[in-house]
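Novice: Please see the structure below; I have some questions.
The values are calculated or read from the model by the stated rules, or taken from the named source; none is laboratory data. Since the model is a prediction, treat every value here as computed from it, not as a measurement. Here the Cβ positions follow ideal geometry from the backbone for every residue, glycine too, while neighbour counts run over all protein chains shown.
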């Protein structure tokens with residue numbers, strides 16, 4: 001159902017702009033409870049116990065910790081490149097570069113320090129996030145902190161992974177993710193293996209050194225080169241895993257740390273996919289319940305019937321992809337999955353999903369393809385960044401599970417039970433790392449961050465991508481975890497329209513005031 005008149009085009013463009021804005025964001029017990037979760041400044045322990053700011057954990061790393069940062073002007077902010085070792089076990093070997101972007105504190109005389117921000121993914125650009133974050137964060141935060149975003153190793157403008165050209169990445173993305181027979185099952189695992197081989201061919205040793213543990217070690221180098229005694233950090237989605245890993249490795253360097261939209265680091269790939277299947281189903285049900293109460297909803301007036309219609313549409317794309325204005329890119333089932341899932345990250349994007357579904361049900365795949373491409377960072381001339389390939393490359397190095405085709409097949413009933421609409425896709429995606437050709441050189445640690453000052457964990461009750469149960473789990477695993485709950489829809493809780501959450505986070509970051517554990521907003 002194309003929109004021909006000018007007013008319709010304007011409305012459509014405005015709604016798609018909402019989704020594009022959302023992309024910038026998404027682009028992701030206590031040993032002494034009363035003392036650790038009181039109202040004192042959480043940086044006090046780090047400041048009193050940590051050694052000199054630039055003292056490295058290993059003397060061989062001194063050249064990295066002692067380097068001087070050459071900041072340069074970039075689009076109203078400041079940018080720089082910092083060197084880190086490719087392999088921390090061989091600091092005298094190859095070096096790689098990390099790109100940073102800094103938004104300078106509005107009140108430099110009252111500056112607390114540097115707030116490092118990471119939007120998640122893994123694979124989303126923190127440099128881009130740093131350009132967006134000051135527009136949505138509390139003014140008190142941006143007044144008192146230099147906000148620094150960084151592209152982790154392997155990502156974006158840092159030393160980046162090269163895993164093939166547009167056609168090769170398209171082939172990986174559009175592989176049938178709900179195989180119907182043995183040949184399609186084999187094609188699914190081979191697609192992941194082929195992508196991994198392309199990463200290794202195009203990126204060399206870097207492809208084996210993009211794990212979260214290594215990114216956390218990089219983060220301590222970044223803390224040192226901006227001359228901060230303690231790391232102040234806000235991580236969203238996967239950024240919570242990165243932050244928690246840092247807290248485990250450098251507990252005495254933790255300052256004010258916010259982990260928003262938390263991941264549960266104890267889960268393997270099957271556990272992550274099962275949790276997300278349930279989370280996206282919950283979010284989809286909330287969306288459909290809202291849609292059917294709205295005039296013009298293309299799903300009718302009944303929530304269950306509307307959910308079934310979405311499921312039937314996605315399934316129909318397996319045999320009959322929808323035509324789009326690009327004859328070489330019909331809307332396949334894989335792309336249809338992304339088109340439905342992505343707007344669920346942000347409640348403000350629900351109208352975009354409504355429009356996409358209306359067009360799709362009318363036989364026009366253009367809007368759904370646009371939405372899928374937003375998620376995949378796919379432009380008309382190819383991919384605009386490497387997030388689509390960085391995601392599996394980092395995830396598979398971190399993954400502790402190894403789900404076989406037989407195990408995925410056996411899990412289908414459980415996945416479809418928690419998510420009748422999207423469950424099959426999540427079940428089969430768990431096999432993606434089973435044939436990945438590289439392994440991490442350093443295992444991920446168990447995380448409790450013993451000795452760290454209070455760490456804020458923010459969870460949203462109907463978060464599709466990082467279910468609320470994960471926030472509860474991470475807060476419990478961290479010895480000093482403090483849980484803040486947002487009752488709402490969408491991915492992550494800070495700067496999502498909830499004044500209670502925003503006030504708790506802002507006061508913690510700016511003044512060091514730790515909210516009550518279990519605060520509900």
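Novice: Has segment 126-143 got at least one residue that is within 15 Å of residue 210 (Cβ to Cβ), assigned to a helix (DSSP H, G or I) and either at pLDDT below 95 or in the same structural domain as residue 214 (by TED's automatic domain parsing) (or both)? Walk me through it before giving the result.
Specialist: At the first step, the residues of segment 126-143 found to be within 15 Å of residue 210 (Cβ to Cβ) are 126.
If we keep only those that are assigned to a helix (DSSP H, G or I) as well, we get 126.
Right, trim to either at pLDDT below 95 or in the same structural domain as residue 214 (by TED's automatic domain parsing) (or both) and you get 126.
Looking through segment 126-143, at least one residue is within 15 Å of residue 210 (Cβ to Cβ), assigned to a helix (DSSP H, G or I) and either at pLDDT below 95 or in the same structural domain as residue 214 (by TED's automatic domain parsing) (or both).
Novice: Can you go through 216, 244 and tell me which one is part of a helix (DSSP H, G or I) and surrounded by 24 or more Cβ atoms within 10 Å (Cβ to Cβ)?
Specialist: Details: 216 fails: surrounded by 24 or more Cβ atoms within 10 Å (Cβ to Cβ).
Result of the check over 216, 244: 244.
Novice: Can you confirm whether residue 262 is part of a loop (DSSP other than H, G, I, E, B), within 28 Å of residue 393 (Cβ to Cβ) and in contact with a strand residue (DSSP E or B) (Cβ under 8 Å, 6 or more places away or on another chain)? It would help to see each step written out before you state the result.
Specialist: Details: part of a loop (DSSP other than H, G, I, E, B): yes; within 28 Å of residue 393 (Cβ to Cβ): yes; in contact with a strand residue (DSSP E or B) (Cβ under 8 Å, 6 or more places away or on another chain): yes.
In short, yes.
Novice: Provide a single number: the residues in segment 172-206 that are in a helix (DSSP H, G or I), out of contact with any helix residue (DSSP H, G or I) (no Cβ under 7 Å at 6 or more places or on another chain) and within 23 Å of residue 322 (Cα to Cα).
Specialist: Residues in segment 172-206 being in a helix (DSSP H, G or I), out of contact with any helix residue (DSSP H, G or I) (no Cβ under 7 Å at 6 or more places or on another chain) and within 23 Å of residue 322 (Cα to Cα): 2 in total.
Novice: Return yes when residue 479 is touching a helix residue (DSSP H, G or I) at 6+ places or on another chain (Cβ under 8 Å), in the same structural domain as residue 142 (by TED's automatic domain parsing) and farther than 30 Å from residue 88 by Cα and no when it is not.
Specialist: Values: touching a helix residue (DSSP H, G or I) at 6+ places or on another chain (Cβ under 8 Å): yes; in the same structural domain as residue 142 (by TED's automatic domain parsing): yes; farther than 30 Å from residue 88 by Cα: no.
The answer is no for residue 479.
Novice: Further question: Out of 235, 271, which single residue is modelled with pLDDT of 95 or more and either farther than 20 Å from residue 57 by Cβ or surrounded by 24 or more Cβ atoms within 10 Å (Cβ to Cβ) (or both)? Working first, answer last.
Specialist: Working: 271 fails: modelled with pLDDT of 95 or more.
Result of the check over 235, 271: 235.
Novice: Could you count how many residues in segment 447-487 are on the phi > 0 side of the Ramachandran plot and modelled with pLDDT under 95?
Specialist: Taking segment 447-487 as the starting set, the residues that turn out to be on the phi > 0 side of the Ramachandran plot are 449, 451.
Filter once more, keeping what is modelled with pLDDT under 95: none.
Here the count works out to 0.
Novice: Let me ask another. Tell me which residues, restricted to segment 88-118, are part of a loop (DSSP other than H, G, I, E, B) and crowded, with 18+ Cβ neighbours inside 10 Å. Full working, then the answer.
Specialist: Of the residues in segment 88-118, the ones part of a loop (DSSP other than H, G, I, E, B) are 88-94, 104-107, 111-112.
Correct list: 88, 91, 105, 112.
Novice: Do you know which residues across segment 301-328 are in a loop (DSSP other than H, G, I, E, B) and touching a helix residue (DSSP H, G or I) at 6+ places or on another chain (Cβ under 6 Å)? Outline the logic, then answer.
Specialist: Taking segment 301-328 as the starting set, the residues that turn out to be in a loop (DSSP other than H, G, I, E, B) are 301-302, 317-321, 323-328.
Result: 317, 318, 324, 325.
Novice: If you don't mind, there's one more thing I want to ask. Of the residues 487, 502, 417, only one is closer than 17 Å to residue 283 by Cα and part of a helix (DSSP H, G or I); which? Outline the logic, then answer.
Specialist: Details: 487 fails: part of a helix (DSSP H, G or I); 502 fails: closer than 17 Å to residue 283 by Cα.
Going through 487, 502, 417 in turn, just one is closer than 17 Å to residue 283 by Cα and part of a helix (DSSP H, G or I): 417.
Novice: Exactly one condition in (1) part of a loop (DSSP other than H, G, I, E, B); (2) touching a strand residue (DSSP E or B) at 6+ places or on another chain (Cβ under 6 Å); (3) farther than 21 Å from residue 472 by Cβ is false for residue 256; which is it?
Specialist: With respect to (1) part of a loop (DSSP other than H, G, I, E, B); (2) touching a strand residue (DSSP E or B) at 6+ places or on another chain (Cβ under 6 Å); (3) farther than 21 Å from residue 472 by Cβ, residue 256 is out only on (1).
Novice: Would you pick out the residues in segment 355-387 that are in a loop (DSSP other than H, G, I, E, B) and more than 22 Å from the chain's Cα centre (by Cα)? Quick ask: steps written out before the conclusion?
Specialist: Within segment 355-387, the subset in a loop (DSSP other than H, G, I, E, B) is 362-365, 377, 380-381, 384-386.
362, 363, 364, 365, 380, 381 - these are the residues of segment 355-387 that are in a loop (DSSP other than H, G, I, E, B) and more than 22 Å from the chain's Cα centre (by Cα).
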